[in-house]
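S.K.: Pasting a structure here, questions to come.
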Amino acid sequence: MEVTGSDGESEPRERYSFAIDVEHAKRLTDLRKKQRREMADWVASLVEESNGGISRAEARLRAQELRRELWPTHDQHVEAAVRQRLAEPDLAGPWEPLTGDEEEIVSLAGRGFGKNYPGFLAKRAYSLPVSLVLELRTAAVRVSEGPLAELEALGLLYNSVTYSFEEFEKRNKLVKQVLSVPRIVRQGLERYGPWPPDEHPPSSLAARMAAAAKEE
């Protein structure tokens with residue numbers, strides 16, 4: 001599927017599903033409703049101010065031309081958040097490209113560790129550049145190689161009720177270092193979503209920093 005990007009060039013995009021925080025999902029939905037009202041008001045004002053010089057249909061076309069700049073879509077918000085998360089030092093790379101087998105495995109749904117997330121999740125689909133998703137998958141695989149190898153070497157790769165307290169603690173520590181693709185997307189929205197930092201869920205970086213500051 002081809003769409004026109006903000007730079008006017010065509011870029012391949014596809015729809016991908018991710019499990020995100022339910023609060024983020026709700027806020028994105030609320031934001032879309034708010035933007036629709038704003039667009040409708042903008043169209044009505046333009047028609048009224050033109051004194052008949054601009055039809056409602058033409059005003060709607062102008063609003064669509066300005067949509068990416070003034071009323072970004074969910075896809076744009078998620079793309080921006082993911083790009084900013086991938087630019088952070090721990091994910092910036094450079095990384096060795098994925099092999100064919102690695103790319104196939106990481107693209108399969110339901111692979112990897114569970115959500116490891118303190119809140120509730122909702123699955124949502126977004127249209128993202130294919131190149132960005134490949135970058136996202138590559139970072140997820142490469143940054144997780146070390147902790148996954150250590151988990152396997154210690155026999156802690158799979159959860160078990162037979163682990164000792166020390167093994168359980170060690171496994172939890174290593175699992176936190178494993179960054180799946182959905183986990184990176186969630187972190188991106190936590191840190192760079194289109195909402196004020198004080199509205200982030202308790203698991204967000206901003207919330208943790210604020211809590212740490214209060215303890216000092």
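S.K.: Quick one: which residue in R111, R124 is among the charged types (D, E, K, R), open to solvent by 40 Å² or more (accessible area, probe 1.4 Å), at pLDDT 90 or above and not in a helix (DSSP H, G or I)?
M.R.: Among R111, R124, only R124 is among the charged types (D, E, K, R), open to solvent by 40 Å² or more (accessible area, probe 1.4 Å), at pLDDT 90 or above and not in a helix (DSSP H, G or I).
S.K.: Let me ask something additional. If a residue must be within 16 Å of W195 (Cβ to Cβ) and polar (S, T, N, Q), how many such residues does segment 26-77 contain?
M.R.: 4
S.K.: Pick from segment 38-84 the residues that are at pLDDT below 95 and basic (K, R): which of them is nearest to R142 (Cα to Cα)?
M.R.: The residue in question is R68.
S.K.: If you check G146 against the conditions, is it surrounded by fewer than 14 Cβ atoms within 10 Å (Cβ to Cβ), in a loop (DSSP other than H, G, I, E, B) and not aliphatic (A, V, I, L, M)? Full working, then the answer.
M.R.: On the way: surrounded by fewer than 14 Cβ atoms within 10 Å (Cβ to Cβ): yes; in a loop (DSSP other than H, G, I, E, B): no; not aliphatic (A, V, I, L, M): yes.
No; evaluated as a whole, the condition is false for this residue.
S.K.: How many of the residues in segment 127-138 are over 14 Å from the mean Cα position of the chain (by Cα) and buried (at least 20 other Cβ atoms within 10 Å of the Cβ)?
M.R.: 1
S.K.: With respect to T29, determine if the residue is under 19 Å from P129 (Cα atoms) and among the hydroxyl-bearing types (S, T, Y). Break it down into steps so the answer makes sense when it comes.
M.R.: Details: under 19 Å from P129 (Cα atoms): no; among the hydroxyl-bearing types (S, T, Y): yes.
So T29 fails the test.
S.K.: For a quick check of your reading: which helices (runs of 4 or more DSSP H) sit entirely within segment 1-101 and have at least 2 residues that are under 21 Å from S180 (Cα atoms) and open to solvent by less than 70 Å² (accessible area, probe 1.4 Å)?
M.R.: Here the list reads 22-49, 74-86.
S.K.: Now for a different question. Within segment 164-200, how many residues are in a loop (DSSP other than H, G, I, E, B) and either open to solvent by 40 Å² or more (accessible area, probe 1.4 Å) or basic (K, R) (or both)?
M.R.: 5
S.K.: Next question. If A87 passes every condition in (1) touching a Leu at 6+ places or on another chain (Cβ under 7 Å); (2) at pLDDT 95 or above but one, which one does it miss?
M.R.: (1)
The values are calculated or read from the model by the stated rules, or taken from the named source; none is laboratory data. Only a predicted model underlies this, so the values are computations on that prediction, with no experimental measurement involved. All Cβ positions, even for glycine, are placed from backbone atoms using ideal geometry, and neighbour counts span all protein chains on display. Each accessible area value is taken on the protein alone, full model and side chains, heavy atoms only, with ligands, DNA and RNA left out. Shrake-Rupley method; radii C 1.70, N 1.55, O 1.52, S 1.80 Å.
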